[in-house]
Amino acid sequence: MAKLNLNQLSKSFGPVEVLKPMDLEITDGEFAVFVGPSGCGKSTLLRTIAGLEESSGGDILIDGARVNDTDSSERGLSMVFQNYALYPHMTIFENMAFGLRIAKTPKDEVTRRVNKAAAILKIEHMLDRYPKTLSGGQRQRVAIGRSIVRDPKIFLFDEPLSNLDAELRVQMRIEIARLHETLGATMIYVTHDQVEAMTLADKIVVLKDGRIEQVGSPLDLYNAPANRFVAGFIGSPGMNFLDGTVEGAGNGQCCVALACGGHVALPLRDAPAVGAPVTIGVRPEHVSLGGAADEGVAATVLLTEQLGDETHVHLSVKGSEGAIVAQVRGQVKLRSGTGVTMMIAPEGCHLFDETGLARRDPAAAQPEIAAAS
Amino acid sequence: MKTRSVKDRSVALLAWVFMAGVTFLFLYPFWWMIVSSFRSQEAMLLEPTRLLPESFNTRAYGDIQTLGGVKLWLYTFNSVFITVAATLIAVGVTALGAYALYRKPDLPGFRFIQFGFLMTMMYPAMLLVIPVYLVVFQLGLLGTYAGIILFLSLMPILFLMLVQFFRSIPKELIESAKMDGASEMQIFRKIVLPISKPILATVFLIGFLLNWKQWLPILVIATSPDQYTLPVALLSMNTELGIDFQATMALAAITTVPIIVLFLFTQRRVIGGFVAGAVKG
Amino acid sequence: MQTDTAVPIPFLAALRPARWRHAGSNIWRNRIFYILIAPFAALTLVMGVWPIVLGIIVSFTDSYTALTPEPTYVWFQNYIDIFSDDLFLSSLWRTLLFTVLSVVLNVTTALALALILSSRSLKLAAPICGLALFLPVVTPEAATFIVWKWMFSIDFGAVNAFLEDMGLPDFAGTTKPLQAFFTLVFVEWWHHVGFYTIIFLTNLKLLDPTLDEAARMDGARTMQRVWNVWIPQLRPAIAINSIYAVIQFLKTFAVVVIMTNGGPNYATNFLSFYAYSKFNLADYGQALAMATVLFAIVIGLAVVVYRYNEKADYR
Ligand SMILES: Nc1ncnc2c1ncn2[C@@H]1O[C@H](COP(=O)(O)OP(=O)(O)OP(=O)(O)O)[C@@H](O)[C@H]1O
Ligand SMILES: [Mg+2]
């Protein structure tokens, strides 16, 4: 158990700066998740923390001690890899005991700790088997067990579930969450699956192009994304974006004319200048269908996805290339090509300025809709 | 449909006959060698292509017990000793070197070693013997087992096969051991070495076969027939020791048959190893 | 495409300049790797780099003084000598001709053999035939070349006996110049073709079967499938086999020593054999000048191939 601090940490491969200087604090017992699109540097960041890559600048502190020059074998961390990386020539027991034996732990202590970890992960009955006789899910359990045994300061996971099928992934996700609860250890988990991030994390770190875009709790990121990228990345189905122009501001309100027709008024004291191009983001659950034609935006149904308890309606609107998704409760049947009226709940709207940064008041008041065309 | 299957069958038959012919072409010289070693020269002159000897005339095998003043068992001993020693050294040295080069190709000096090795690989192997003769002369190792073994233990093909294998080890395996607290030495001894056992066996086999064949370096570095191996003794029979045909075939059989047997028992490994070294080298 | 077959000589990558970053601590931290590589480095230096360098140095010295502590340097005299030696020049052309002939012969027949061996109609016979083809690759050439030498002998060689049985005229074997040259082409083919066949066979097994199945569905006939589906996919293997073969046959040596000794009338006097016979006459300077020329040819070829492959990789 430990806390981790990064101070201006950066990493370059040759001339390419893969990680831009970044600060980060992960506190004791926290479950931190690094998310971001492929190639954004998640693995590199994790591997630099692990000591498998040398940092190019800045400091890594574990419990306040600088470890940049400490070998990865001496940092006291453990890592679970995407491809499990079990030693093929060792039994499951030997795999789990390897680290302890290297550390010259007494024999009965080794047995005790391996058995304990095996019990937690319910793999006691396969300790004598070899990795190649195990299924993917079982192998991943062993890999996790191997890191538990060593009682590391911090657990590192690099996309541990992405080689598993969907059902197993959900199951293992729950187990990892429970494991964190049981052990109370500090864990850092890399994934590009934002559902994993939302469900597991105490703290999500969103990365893009080697830069930290935002750090916060899952709901913080969901409710108050700092910028357009985070807004689009967190949440599934993703946030809808509509272009617009500021047509009036003042009185703590900002009125935006949408390119697709219609207007939105948000409470915003520090609004952009009138005439500035902005983007309005709205999550599918804040888009609804129906209502009077003069109160909403005219849209055409592209297709509907029936999920049973809810329906995702993909809509096309004037002036927007991508489809707008509306999440509607219950089972709604709409033929594609049908014209509908789309309503946007102003309390669910986010305003992003030209640079993509979110503009919002420290404490958001209830916005009101003012729509007419 | 019917004509198609008739045609298919005749094509298959043609392939069968053709490949039987090819197989015969590749096996017959070996058979001819063994049969001839049991037949007198006169019998050979009368009927060169007899498939079985008329009687097992083992005169030649008796005659070659001493060749050029050296006992056959000494040639055999030299062959086994030099081949095993050179191959063991080659496998050990090359495996360690290939592992180090695979793990840290960028360490200061390593590029130079790899470059030097590359050059050695490209120098026409037969002609390398000429300057090697000069080096061995300067080292004072002419006419010694050490000189012969040292040169034979430089085996590029083993390097290619080993590097190929090391590259196929997932790097997470090594990183995982690092995270488990293992030092580089422990990683090598407890992870890499155990999983390399099969490839080391293959590489040893191939090295053995290749070194058993060697003759020119031994002929050049040796100073007397005391250091000759079976193939070198066979060659000196080809030139100096007259033209006792039957005896030549007997010695050729002694040189070859053990290798054929070894190869037949290990063919999967050997062919697989050769292919791995060549296809991906 | 199988990219792993496309780069035959990746070690040319070693030619790239090394990066010498914060060397001191780096060396100490990685001392274990220096220990591991030490024997290999020593062996490479003593039995590889040193001989090669010495060979090049000696090629610039007078042969009589080459082995003395203070050799006389005659610089390019040995090179001038060999390039004004008709025997050397003819051996050079002969070697190139032999190489071209042998490469074409080996690669085409190996490809044909591999295609036949991989056809389903052969069933169990295929592995046996494959083994037979590979046998000459692993058995001592000293023995097999001697056997072939006697097989081609006029008096009791099996070859002429067969020819007679079939009512064909005798074959002069290694006793006449032209016949001797082609005898060596044949025996070298017998010795090496199995290797190339196995490489093709392995690559054939790695081919994408869906392409062939698609062609079958389209009703393509066997020959059409071979030409349009298999051969194009085998292109990397053909390239790599050709390169191996070029290097292999440029160095042709043992078969000459054992079967013909360069004769008759220099008809089989190949480059490496000529260099070696100079060496046997203690003419170290010229022998090593020839070796250096052959070395330069091989390196030149390797560089060309490497460049070509690098370009191909980016395509
Ligand atoms: N050893 C390396 N040498 C050079 N560049 C590298 C190296 N490792 C990673 N990179 C580059 O660094 C960037 C970040 O890679 P990284 O593996 O960290 O991405 P990631 O976020 O983990 O992506 P993914 O979700 O696909 O795993 C990529 O552009 C990659 O090409
Ligand atoms: Mg990654």
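The values are calculated or read from the model by the stated rules, or taken from the named source; none is laboratory data. Here the structure is a predicted model, which is why all the values come from computation and not from measurement. Every residue, glycine among them, receives a Cβ derived from its backbone with ideal geometry; neighbour counts consider all protein chains shown. Areas reflect the complete protein model, heavy atoms only, side chains present, ligands, DNA and RNA absent. Shrake-Rupley method; radii C 1.70, N 1.55, O 1.52, S 1.80 Å.
The figures follow:
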quantity	calculated
Output for the range C:209-256, where each listed residue is crowded, with 16+ Cβ neighbours inside 10 Å, of a type in the set (S, T, N, Q) and within 11 Å of another protein chain (Cβ to nearest Cβ)	C:Asn241, C:Gln248, C:Thr252
Qualifying residue in the range A:178-188 (condition: under 30 Å from A:Arg228 (Cβ atoms), within 16 Å of ligand 1 (Cβ to nearest atom), within 14 Å of chain B (Cβ to nearest Cβ) and open to solvent by 10 Å² or more (accessible area, probe 1.4 Å))	no
Subset of the range A:77-109 that is assigned to a loop (DSSP other than H, G, I, E, B) and hydroxyl-bearing (Ser, Thr, Tyr) - its residue that is least open to solvent (accessible area, probe 1.4 Å)	A:Tyr87
Complete set of residues in the range A:1-14 that are within 20 Å of A:His180 (Cα to Cα) and open to solvent by 60 Å² or more (accessible area, probe 1.4 Å)	A:Met1, A:Lys3
Output for the range B:142-173, where each listed residue is within 14 Å of chain A (Cβ to nearest Cβ) and of a type outside the set (D, E, K, R)	B:Phe165, B:Ser168, B:Ile169, B:Pro170, B:Leu173
Residue among A:Pro277, A:Pro225 that alone is buried (at least 19 other Cβ atoms within 10 Å of the Cβ), of a type outside the set (Phe, Trp, Tyr) and either away from ligand 1 (no atom under 16 Å from the Cβ) or not assigned by TED's automatic domain parsing to the domain that holds A:Pro21 (or both)	A:Pro225
Residue that is most open to solvent (accessible area, probe 1.4 Å), among those in the range A:36-66 that are assigned to a loop (DSSP other than H, G, I, E, B), within 13 Å of ligand 2 (Cβ to nearest atom) and within 11 Å of another protein chain (Cβ to nearest Cβ)	A:Glu53
Within the range A:330-348, tally of residues that are closer than 30 Å to A:Leu268 by Cα and open to solvent by 30 Å² or more (accessible area, probe 1.4 Å)	2
Test: residue in the range A:67-79 that is more than 16 Å from ligand 2 (Cβ to nearest atom), aliphatic (A, V, I, L, M) and within 30 Å of A:Ile234 (Cα to Cα)	yes
Pick from the range B:194-233, criterion part of a helix (DSSP H, G or I) and in contact with a strand residue (DSSP E or B) (Cβ under 9 Å, 6 or more places away or on another chain), ranking: surrounded by the most Cβ atoms within 10 Å (Cβ to Cβ)	B:Ala233
Subset of the range A:189-210 (residues that are among the basic types (Lys, Arg) and away from ligand 1 (no atom under 12 Å from the Cβ))	A:Lys203
Residue satisfying condition, being over 29 Å from the mean Cα position of the chain (by Cα), away from ligand 2 (no atom under 16 Å from the Cβ) and of a type in the set (D, E, K, R), within set A:Lys107, A:Lys20	A:Lys107
Meets criteria (within 16 Å of ligand 2 (Cβ to nearest atom) and basic (Lys, Arg)) for A:Lys11	yes
Among residues of the range A:32-56, those that are polar (S, T, N, Q) and more than 7 Å from ligand 1 (Cβ to nearest atom), counted	3
Residue within the range C:125-135 that is touching a residue at least 40 places away in the same chain (Cβ under 8 Å) and surrounded by fewer than 16 Cβ atoms within 10 Å (Cβ to Cβ) present	no
Scope the range B:174-186; condition assigned to a helix (DSSP H, G or I), within 7 Å of chain A (Cβ to nearest Cβ) and either open to solvent by less than 10 Å² (accessible area, probe 1.4 Å) or farther than 17 Å from A:Val80 by Cα (or both); matching residues	B:Ser176, B:Met179, B:Gln186
Output for the range A:15-31, where each listed residue is open to solvent by less than 70 Å² (accessible area, probe 1.4 Å) and within 15 Å of ligand 1 (Cβ to nearest atom)	A:Val18, A:Leu19, A:Lys20, A:Met22
Any hit, the range A:74-88, residues being among the charged types (D, E, K, R) and within 12 Å of ligand 1 (Cβ to nearest atom)	no
Residue match in the range A:57-69 (condition: in the same structural domain as A:Val206 (by TED's automatic domain parsing), within 13 Å of ligand 1 (Cβ to nearest atom) and touching a Ser or Thr at 6+ places or on another chain (Cβ under 6 Å))	no
Matching option when the condition is closer than 21 Å to B:Ile259 by Cα, away from chain C (no Cβ under 11 Å) and in contact with a Leu (Cβ under 7 Å, 6 or more places away or on another chain), among B:Tyr61, B:Tyr75	B:Tyr75
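Here is a yes/no grid of residues against (1) open to solvent by 20 Å² or more (accessible area, probe 1.4 Å); (2) within 12 Å of chain C (Cβ to nearest Cβ):
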site	(1), (2)
B:Val17	yes, yes
B:Gln41	yes, yes
B:Ser55	yes, no
B:Gln65	yes, no
B:Ser79	no, yes
B:Arg103	yes, yes
